[in-house]
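What follows is calculated from the coordinates using simple rules that are stated; it is not laboratory data. Keep in mind it's a predicted model, so treat the numbers as computed, not measured. FYI the Cβ positions are ideal-geometry reconstructions off the backbone, even for glycines, and counts take in every protein chain you see.
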Amino acid sequence: MAWLASRHREAPAAIVCADYVAVAQRITASQTVPTYVSLTCYDVFAMSKADQAEECACNHLMELGMVIVERNWRCRAGELDIIARDGPVLVFVEVRSKSGSTHGSPEESLTLPKLRRLWRAAHQYLETQDPPFFVRFDVVAVGPEGIRHIPDAFGEQDVRQVH
């Protein structure tokens, strides 16, 4: 999606996690998965690739000072990968990952129907909470190049686009 790619280029918080890149390069070079490599004291290689990406994203968000409130919150509308607090703001985070770069970046795989599902799921989550919150939708892309955090990646105007 062009609008997300343009926000990624403008985002000052686009950060590459050197540890993730180094581990990915070692795995690619050896073609074997080490039994334990510590990114942040977790045995991420015992997890699925999606779980590894989520773990890296959570650790990255915590390094930025966010507090993880929920992970993999499910409802009828769908699933929210990570729900975090960034000060007074409740942040809904979609984690996208790809192991290769042949078919675009991880964040480019986020489609309009998926955005709408995230939007509906976030509304259902907010219905379960008492106080009103300021909210934001972030995307964390995890790939061979590292971790890219795109704060405020989309909003209501993006979800309501007509194509």
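Figures for the structure shown
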item	result
Relative exposure of C56, C75, judged by other C-beta atoms within 10 Å (fewest first)	C75, C56
Counted charge near Q129, where neighbours are those whose Cβ lies closer than 12 Å (Asp, Glu -1; Lys, Arg +1)	-2
Distance (nanometres) between label positions extended 7 Å along Cα→Cβ at C75 and R116	1.8 nm
Potential lengthening between I68 and D130 on full extension [0.36 nm per residue; Cα-Cα distance subtracted]	20.5 nm
Formal net charge of residues neighbouring A84 (Cβ-Cβ distance under 13 Å; K, R +1; D, E -1)	-4
